[in-house]
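First the structure, in the form of structure tokens, and then the observations on it.
Derivation of every value follows stated rules applied to the coordinates shown; laboratory data play no part. Note that the structure is predicted; figures quoted are calculated from it, not measured. Every residue, glycine among them, receives a Cβ derived from its backbone with ideal geometry; neighbour counts consider all protein chains shown.
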Amino acid sequence: MNRPAPLVPNPIQAPGTSLQQWQGSRRLRSVPTITREALLEPGRRLVIVAPHPDDEVLMCGGLLASLASSPADLLLISVTDGEGSHPHSTLWPAARLRAVRPRESTEALARLGIDCRHLPWLRLGLADAQVAASETSLVRQLRDILRPGDQLLTTWRHDAHCDHEAVGRACAAAAQDCHATLLEVPVWAWHWASPEDPRLPWARARKLPLAPHAIAAKRRAIEAHASQLAADPSTGATAILPPAVLERLLQPFELFFR
């Protein structure tokens, strides 16, 4: 997922909304549920665009686990290699992260039941934390990849993380140009938004219920991203994905904005 680059003000640096607060959200409770079959129309390709290695699991690991038992036309696009997750670290320098994080993604997908040997997977190699600088180029690349009728799933364009937002904007533009359907997923918004937050597009929200085995598989997949789960003694930085963050991302549903 990566720690967001500084914003003014930076909502990610606030204490964050707890799982218990979200569980009490009237608006979240009222979000309609949707079946996988209604969310993903049969016969259409699903294209998942992840800003960083691990975002595909954080966004929709439960959905991916459900697809493992039902073959689907799936394409995964990793926009960056996640080399910027640990700035100034001697334990996790950029070169090491660039090599390790895609391997973590491969293991995570295997834990979801997806055989990466047969998964179409594009790594674009854009600079981590600098996707906005290449946004126009990214739109062009996506236009070349997408087909009419594709279902494009990515991070919400207002997620308050620079790369998540840039990728979301690029996907929205490319989807419109290519007549693809866009699904956006909040990741950091679970941290900074309030339970009744009017900034969230509640009218577009749908909840995909997850079976217990899908939640367990998603948890195991997240655990494959070891680089993101521990504090960094070389800088004193806390884990990118501490327990409180994981709790919010392992609820018994996944939230999509249609």
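Expressed in nm to one decimal, what extension gain is obtained for the pair Asp115 and Arg26 from 0.36 nm per residue of sequence separation less their Cα-Cα distance? Don't jump to the answer; show the numbers that get you there.
Details: separation 89, 0.36 × 89 = 32.04 nm, distance 3.91 nm.
Result: 28.1 nm gained on full extension.
Of the candidates Leu210, Leu109, Leu246, which one comes out as most mobile in a Gaussian network treatment of the chain with C-alpha springs shorter than 10 Å?
It is Leu246.
Return a whole-number percent for the relative contact order of the chain, with Cα pairs under 8 Å and 6 or more residues apart as the contact set.
Values: 489 pairs, mean separation 72.2, N = 258.
In percent, rounded to a whole number, it is 28.
Placing +1 at every Lys and Arg Cβ and -1 at every Asp and Glu Cβ, with all other atoms neutral, what dipole size does the chain have around its Cα centre, in debye to the nearest 20?
Roughly 460 debye for the chain.
Take Arg101, Arg204, Arg219 and order them by how many other Cβ atoms sit within 10 Å, fewest up front.
Fewest-to-most Cβ neighbours within 10 Å comes out as Arg204, Arg219, Arg101.
So what is the diffusion coefficient of the range 57-110 in µm² per second by Stokes-Einstein at 25 °C and 0.890 mPa s, using a Kirkwood Rh over Cα pairs? Walk me through the intermediate numbers first.
Numbers: Rh = 12.8 Å.
It diffuses with D of about 192 µm²/s by this estimate.
Only counting other Cβ atoms within 10 Å, I'd like Glu254, Glu247 sorted with the fewest neighbours first. Write down the numbers at each step before the final one.
Details: Glu254 24, Glu247 14.
With the sparsest Cβ surroundings first, the list reads Glu247, Glu254.
Tell me, what is the percent relative contact order of the range 106-258, built from C-alpha pairs under 8 Å that lie six or more residues apart? Walk me through the numbers before you get to the answer.
Details: 200 pairs, mean separation 37.7, N = 153.
Result for the range 106-258 is 25 percent.
How compact is the range 113-163 by the rule of thumb for globular proteins, expressed as Cα Rg over 2.2 N^0.38 Å? All intermediate terms of the calculation are to be shown ahead of the outcome.
On the way: Rg = 13.2 Å, N = 51, 2.2 N^0.38 = 9.8 Å.
Taking the Cα Rg and dividing by 2.2 N^0.38 Å, one obtains 1.34.
Could you tally the net charge around Pro212, taking each other residue with its Cβ under 15 Å from the Cβ of Pro212, Lys/Arg +1 and Asp/Glu -1? It would help to have the intermediate numbers written out before the result.
Values: positive: Lys218, Arg219, Arg220; negative: Glu254.
Here the count lands on +2.
Based on the Cα gyration tensor of the range 202-257, what are the three equivalent ellipsoid semi-axes, each the root of five times an eigenvalue, rounded to whole Å and given largest first? Before the final figure, lay out the partial values.
Values: eigenvalues 145, 42, 11 Å².
For the range 202-257, the semi-axes come out at 27, 14, 7 Å.
Just subtract the alpha-carbon distance of Ala226 and Ser194 from 0.36 nm times their residue separation and send over the number in nm, one decimal. Can you show the working numbers first?
On the way: separation 32, 0.36 × 32 = 11.52 nm, distance 2.89 nm.
Extra length from Ala226 to Ser194 when fully extended: 8.6 nm.
Near Pro195, within a Cβ-to-Cβ distance under 14 Å, what is the net charge of the other residues, with Lys and Arg +1 and Asp and Glu -1?
Once positives and negatives cancel, what remains is +3.
Expressed as a whole percent, how much of the Cα-Cα distance distribution for the range 169-214 exceeds 16 Å?
Values: 598 of 1035 pairs.
I get 58 percent for the Cα pairs in the range 169-214 exceeding 16 Å.
So what's the range 138-258 giving for Rg/Rh, alpha carbon basis, Kirkwood Rh from the mean inverse pair distance? Display every interim value, and only then the final one.
Working: Rg = 16.2 Å, Rh = 16.1 Å.
Over the Cα atoms of the range 138-258, Rg/Rh equals 1.01.
Over all Cα pairs of the chain, how is the pair count split among 10 Å bins, expressed in % and running from 0 up to the last occupied bin?
Result, from short to long distances: 7, 32, 40, 19, 2 percent.
Amide H neighbours of Leu74 under 5 Å, at least 5 residues apart or on other chains, H built in the peptide plane: list them.
Leu46
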